[in-house]
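Beneath this line is the structure, given in structure tokens, with notes to follow.
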Amino acid sequence: VTADGFSDAADYRRVIARFATGVSIVATRFGDIDVAMTINSLTSVSLHPTLVLFCVEKTARFLDAVLATKEWTVSILGVEGEAVSRWFATRGRPLEAPLEVWATTPGPATGLPLFDDAIGWLECRTFATHDAGDHTIVVGEVLGLAAASGERPPLLYYESRYRTLPQ
Ligand SMILES: Cc1cc2nc3c(=O)[nH]c(=O)nc-3n(C[C@H](O)[C@H](O)[C@H](O)COP(=O)(O)O)c2cc1C
């Protein structure tokens, strides 16, 4: 226990779970296989140049793919995205499992998959990576973007549960 009462990982998880986030799917390519992973660490970083970041666990298979390919997409999920989020957060799922079960469209800037059901999309090229404990911070320059038309509620993650905004 440290002087400020911080005792263990469970305490950290309990407190950081109070920080409500959106949920996104990052996608890239590994060889000729499209790969994707659920994240809630997406953060806007800079406007000029336009940069965003996400954090990826060093043990995630996605990390090797994104470091090799250096381009990736972000699909920001709406409330209908819970099933896709659960699937791409499942550890040990077959990597070769076709992304095609989910409707995707190749991004115009990168050719990498954008999930059709999402409410916003970014296409990025890796700008920098930073070592950060058991994660790597991947910073990307935004090459292309789009928003879904109409107002669709976001998928949120709070206290380890999926939520959305009250209507
Ligand atoms: C809501 C939610 C958010 C997540 N956010 C992240 C994240 O930001 N970074 C990360 O590395 N893993 C995150 N995960 C866990 C990964 O999605 C999970 O470990 C994934 O299966 C790793 O896939 P891979 O090893 O097949 O690449 C999150 C999981 C959930 C349910």
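Of note:
- Alpha-carbon centroid distance for the pair segment 98-149 / segment 1-78, whole angstrom: 12 Å
- Percent breakdown of C-alpha pair distances by 10 Å bin, ordered from the shortest bin, for segment 97-167: 16, 31, 42, 11
- Residues 130, 48, 135 arranged by fewest to most Cβ contacts within 10 Å: 48, 130, 135
- DSSP-loop GluC sites (Glu not before Pro) across segment 41-136, with at most 11 other Cβ within 10 angstrom: 96
- For segment 125-164: rounded, prolate or oblate by the Cα gyration tensor [a/c cutoff 1.5]: oblate
- Formal net charge of residues neighbouring residue 72 (Cβ-Cβ distance under 13 Å; K, R +1; D, E -1): -2
- MRE, 222 nm, helices only [DSSP H, n ≥ 4, -39500 (n - 2.57), over the chain, to nearest 500]: -3500 deg cm²/dmol
- Panel order for 87, 102, by other beta carbons found within 10 Å of each beta carbon, from fewest to most: 87, 102.
- Dipole of segment 57-167 computed with +1 at Lys/Arg Cβ and -1 at Asp/Glu Cβ about the Cα centre; of 143, 109, 121, farthest Cα towards the positive end is 121.
- For the chain, modelled as a GNM whose springs connect Cα atoms under 10 angstrom apart, the maximal fluctuation among 45, 15, 23 occurs at 15.
- Of the trypsin sites (Lys or Arg not before Pro) found in segment 49-103, the ones in coil according to DSSP and having at most 16 other Cβ atoms within 10 Å of their Cβ are 58, 70, 91.
- In this simple spin-label model, placing a label point 7 Å from the Cα along the Cα-to-Cβ direction at both residue 128 and residue 10 gives a separation of 3.8 nm.
- Max mean-square fluctuation residue, GNM over the chain, Cα-Cα springs under 10 Å, options 119, 16, 76: 16
Bear in mind these aren't lab numbers, they're just calculated from the coordinates by the rules spelled out. Note that the structure is a prediction, hence the values are computed from the model and not measured. Cβ coordinates were reconstructed from backbone atoms using ideal geometry, including for glycine residues, and neighbour counts include every protein chain displayed.
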